[in-house]
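Here the structure is laid out as structure tokens; the discussion comes afterwards.
The values are calculated or read from the model by the stated rules, or taken from the named source; none is laboratory data. For clarity, every value in this text was computed on a predicted model and none was experimentally measured. Backbone-built Cβ (ideal geometry, glycine too); neighbour counts: all protein chains shown. Protein only, heavy atoms only, side chains kept; ligands, DNA and RNA dropped before computing areas. Shrake-Rupley method; radii C 1.70, N 1.55, O 1.52, S 1.80 Å.
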Amino acid sequence: MRGIRRTALLVLVLAVVAWREPSPMPAPCDLLTVQDAKTLLGFDVTLNRQTARNCSYTRTGQAPSMDVPDGVELKVLAMEGDDAAHTKFPSWAYPGGRTQPTRTVTDVSGVGDEAVTTHTNDTGSKNDLKISAICLRKGAVLVSIGTHPQVTDAALKIAAAAVLSRLSK
């Protein structure tokens, strides 16, 4: 009987030692740094806001009263699994549907498991919105990087690669 108890105890100890807490999600502003934002936009930026899932930077010295400030925003969402993230991806990447008269959506390869860039040219709106974004999925994590004013797809891909490199650490 003692041998069985010792074996059971050893198995329990090994299971506890082998079990590891999943790595916590890095803070959003650790994923997209102020230097990344400056490189992406081509002008100096200041941290505007950080929450558990969002990080935003705005043009240094810009009046806070702007309806749509010049800057960049990162959004991150960890889902329960890869399938759940894959199912959520379309509504995450292009809310309101892929086809919109003021939006261009382009599939992107080589960035995460699935990715698209979007460019919105809502010139008839109050703010004359011209926004760029890259939305991607890596495993169970969804990431969105949006900019105002617009930037190139190449610049968005560089920023996304930087975020993904930090996400996988």
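Which peptide among 130-139, 27-36 comes first, and what is the full order, when sorted by highest mean count of other Cβ atoms within 10 Å?
Working: 130-139: 21.9, 27-36: 17.5.
Per-residue mean Cβ counts within 10 Å order the peptides as 130-139, 27-36.
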Assuming a ≥ b ≥ c are the square roots of the Cα gyration tensor eigenvalues, decide whether region 26-169 counts as rounded (a/c under 1.5), prolate (otherwise, with a/b larger than b/c) or oblate.
oblate
With a ≥ b ≥ c from the Cα gyration tensor eigenvalues, square-rooted, and the rule rounded for a/c under 1.5, otherwise prolate when a/b > b/c and oblate otherwise, region 28-106 is oblate
Farthest positive-ward along region 94-167 dipole, Cα basis, beta-carbon charges - from Ile134, Leu164, Pro149:
Leu164
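In debye, nearest 20, what is the charge dipole magnitude of region 28-169 about its Cα centre with +1 on Lys and Arg Cβ and -1 on Asp and Glu Cβ, if you could check? Write out the running numbers ahead of the final one.
Working: 15 positive and 15 negative charges, 28 e Å.
The calculation lands at about 140 debye.
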I need the shape label for region 94-169. Rule: rounded when a/c is under 1.5, else prolate if a/b > b/c, else oblate, with a, b, c from the alpha carbon gyration tensor.
prolate
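Over region 71-160, what percent of the accessible surface lies on carbon and sulfur atoms, probe 1.4 Å?
On the way: 2200 of 4300 Å².
Of the solvent-accessible surface of region 71-160, carbon and sulfur hold 51 percent.
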Ranked output for segments 141-149, 108-116 by mean other Cβ atoms within 10 Å, highest leading, reads 141-149, 108-116
